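The values are calculated or read from the model by the stated rules, or taken from the named source; none is laboratory data. Since we're looking at a predicted model, the values are computed, not measured. No Cβ is skipped: glycine too gets one built from the backbone with ideal geometry, and neighbour counts run over all protein chains shown. All accessible areas refer to the heavy atoms of the entire protein, side chains included, with ligands and DNA or RNA removed. Shrake-Rupley method; radii C 1.70, N 1.55, O 1.52, S 1.80 Å.
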Amino acid sequence: MSMLIIGKFQADTATFRQALTERADEFVKITEMAKSAGAIHHRFGIGDGFIVLVDEWETAEQFQQFFANPDLQAFVGSVGAAPAPPEITVTEAVTSADQF
């Protein structure tokens, strides 16, 4: 059983979009760290003044330990996320007939 993690961050989305390109190597480094810590899937979405994170992790505890890393928190802030804590939703991933 894996877990879906959905995070919503208030953010400067222009700064975030720019970071996706200009700091791509840092995003890749974090991806590799996440995979080794238990991440299965990862995706971002950008809305009006916010960023959405959609991840799948082996366990919620693995995500929480990874996300609590002070270096990661500093990076998140440096790419446009507001200082306010994100809204984090953790759910069990389930299989359904309409999944694709």
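Observations
- Residue pairs meeting the criteria (Cβ under 8 Å; at least 6 apart or on separate chains; first closer than 18 Å to Met1 by Cβ and touching a residue at least 40 places away in the same chain (Cβ under 8 Å), in the range 36-54; second open to solvent by 70 Å² or more (accessible area, probe 1.4 Å) and assigned to a strand (DSSP E or B)): Val54/His41; Val54/His42; Val54/Arg43; Val54/Phe44
- Among the residues making up the range 1-58, those that are closer than 18 Å to Ala74 by Cα, acidic (Asp, Glu) and loosely packed, with under 15 Cβ neighbours inside 10 Å are Glu22, Asp25, Glu26, Glu32.
- Top-ranked residue of the range 83-99 - restricted to ones that are without any contact (Cβ under 8 Å) to a residue 12 or more places away in the chain and open to solvent by 100 Å² or more (accessible area, probe 1.4 Å), ranked as farthest from Lys8 (Cα to Cα): Ala97
- Residue under evaluation Gly77, criteria (1) in contact (Cβ under 8 Å) with a residue 12 or more places away in the chain; (2) closer than 11 Å to Ala11 by Cα, criterion not met: (1)
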